[in-house]
1. Kindly check whether there is at least one residue in the stretch 34-55 that is modelled with pLDDT under 75 and among the basic types (Lys, Arg).
2. Could you list, in sequence order, the residues of the stretch 67-90 that are in a loop (DSSP other than H, G, I, E, B) and either among the β-branched types (Val, Ile, Thr) or surrounded by fewer than 15 Cβ atoms within 10 Å (Cβ to Cβ) (or both)?
3. Can you say whether Thr64 is at pLDDT 85 or above and exposed (fewer than 14 other Cβ atoms within 10 Å of the Cβ), as far as the supplied structure shows?
4. Looking at the stretch 31-43, can you tell me whether even one residue there is touching a residue at least 24 places away in the same chain (Cβ under 8 Å) and either assigned to a helix (DSSP H, G or I) or not small (Gly, Ala, Ser) (or both)?
5. Being of a type in the set (D, E, K, R) and on the phi > 0 side of the Ramachandran plot is the filter here; which residues of the stretch 103-138 pass it?
6. I'd like the full set of residues that are among the small types (Gly, Ala, Ser), surrounded by 13 or more Cβ atoms within 10 Å (Cβ to Cβ) and over 22 Å from the mean Cα position of the chain (by Cα), limited to the stretch 91-138.
Amino acid sequence: MKNNFWHHSKSFGERQKGFTLVEMLIVLLILGVLAAAVVPNLSGFTSKGVVEVANSELTTIKHTVAAYQADHAGDFPCSTQPIPGSPQTILTGVSGIAPYLSSSNVVGTYTVDIGGNVIGIVYNGLAWDDVNLCWKRG
């Protein structure tokens, strides 16, 4: 009897390789909690990134308009010269600022006033801030 008891108890003491179902469920639970805490924070970063890209494009357009004016005796890249109080939409085609851009992927629509200030009109999902003269989250 004694010999038979020790023979069975040895097999209980040996550990099998691998994870148990309970261990796997605990790991999945921890990963789920971490994902739930991180994902909402990441969406804020992407929305800030869109605003930064839009404001970077705005800066590029401002520099491009200045370069256009320097080459065209102060004229604006518009269909007509701006009249005080009525901004004109900037032409981005071949007759406008496109030759001055390294890539013609301009997403926003902009106007320029008589003072040469570039003002945003439309940009996917963003609103124009008249006080700070930049794009912001709509």
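1. No, because not a single residue in the stretch 34-55 is modelled with pLDDT under 75 and among the basic types (Lys, Arg).
2. His72, Ala73, Gly74, Asp75, Ser79, Thr80, Gln81, Pro84, Gly85, Ile90
3. The answer is no for Thr64.
4. No, because not a single residue in the stretch 31-43 is touching a residue at least 24 places away in the same chain (Cβ under 8 Å) and either assigned to a helix (DSSP H, G or I) or not small (Gly, Ala, Ser) (or both).
5. None - no residue of the stretch 103-138 is of a type in the set (D, E, K, R) and on the phi > 0 side of the Ramachandran plot, so the list stays empty.
6. Gly96, Ala98, Gly116
The values are calculated or read from the model by the stated rules, or taken from the named source; none is laboratory data. Please read all numbers here as calculations on a predicted model, not as lab measurements. No Cβ is skipped: glycine too gets one built from the backbone with ideal geometry, and neighbour counts run over all protein chains shown.
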